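Quick notes on the structure that follows.
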Amino acid sequence: MEEAAAAAEAVVVTPGEVLGKASQVRAGRGAYVAPHNNLVYASLTGFRRTLSPPPNSPDQRPTVEVTGHKAHGAVPEPGSVVIARVTRVTARVASADIMCVGPKSVREKFTGSIRQQDVRATEIDKVDMHLSFRPGDIIRAVVLSLGDARAYYLSTAKNELGVVSAESTAGETMVPISWTEMQCPLTGQIEQRKVAKVGG
């Protein structure tokens, strides 16, 4: 039986996979507890490992961690602030490739989705995705949760979150002039965006 258990531990898990219940295991590296259901999820791709607690530890739950050959790169986790590049915008959702988690760049491809209800904190029902983001925009967002298959749900519903850099149709880096507008310094053309507050 012991050999079978050891073999089972060499299981490759992917982000969003359930590793156990928080009442029975602790979340170690590469894992986190989802507060809404108290399940422990993997936050990166790698091998699942279970570590026994120290004999004198008051908490006798084993620790589950995920380690992989790419575990050195930054990995998005719920609550992380990320920098991402918008790749696609539809009426209900914007897709983005996550480039950095905090100050660290990522080594694996992680994608994020910003749903209409997560763009801003007010007048959620009036959000127009095409007036909030455009493909190519660089945004600052916070990770809400793991979505499905390596896609994370992101939110820009805080003043300091949103578009931090965007190019105008003329190819110039635009200057933010309000919470909802950026202006091309070359043509003076104003474009709508969900602008991140700069500095604070």
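The values are calculated or read from the model by the stated rules, or taken from the named source; none is laboratory data. In this text, all values refer to a predicted model and were calculated from it rather than measured experimentally. With ideal geometry, Cβ positions are generated from the backbone for all residues, glycine too; neighbour counts draw on all protein chains shown. For the accessible areas, the whole protein counts, side chains as well, though only heavy atoms, and no ligand, DNA or RNA atoms are used. Shrake-Rupley method; radii C 1.70, N 1.55, O 1.52, S 1.80 Å.
Here is how the numbers come out for the structure above:
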{"read-out": "Scaled radius of gyration (Cα, divided by 2.2 N^0.38 Å) that region 120-200 gives", "value": "1.14"}
{"read-out": "Choice from Arg115, Arg92, Arg26 with maximal GNM fluctuation in the chain (Cα, 10 Å cutoff)", "value": "Arg92"}
{"read-out": "Accessible surface, the chain, averaged per residue in Å² (probe 1.4 Å)", "value": "55 Å²"}
{"read-out": "Per-pair calculated FRET efficiency, R0 = 41 Å: Thr14 and Asn159 via Cβ, rounded to 0.05", "value": "0.75"}
{"read-out": "Amide H contacts of Val106 (H built 1.01 Å from N, under 5 Å, at least 5 apart or other chain)", "value": "Cys100, Val101"}
{"read-out": "Fraction of accessible area attributable to carbon and sulfur, the chain (%, probe 1.4 Å)", "value": "53 percent"}
{"read-out": "The chain - mean residue ellipticity at 222 nm from DSSP helices (-39,500 (n - 2.57) per run, n ≥ 4, rounded to 500)", "value": "-1000 deg cm²/dmol"}
{"read-out": "Gly46 long-range amide H proximity, modeled H, under 5 Å", "value": "Val13"}
{"read-out": "Under 13 Å, Cβ to Cβ, from Thr180 - net charge with Lys/Arg +1 and Asp/Glu -1", "value": "+1"}
{"read-out": "For Met129, net neighbour charge (Lys/Arg +1, Asp/Glu -1) across residues whose Cβ lies under 13 Å away", "value": "+4"}
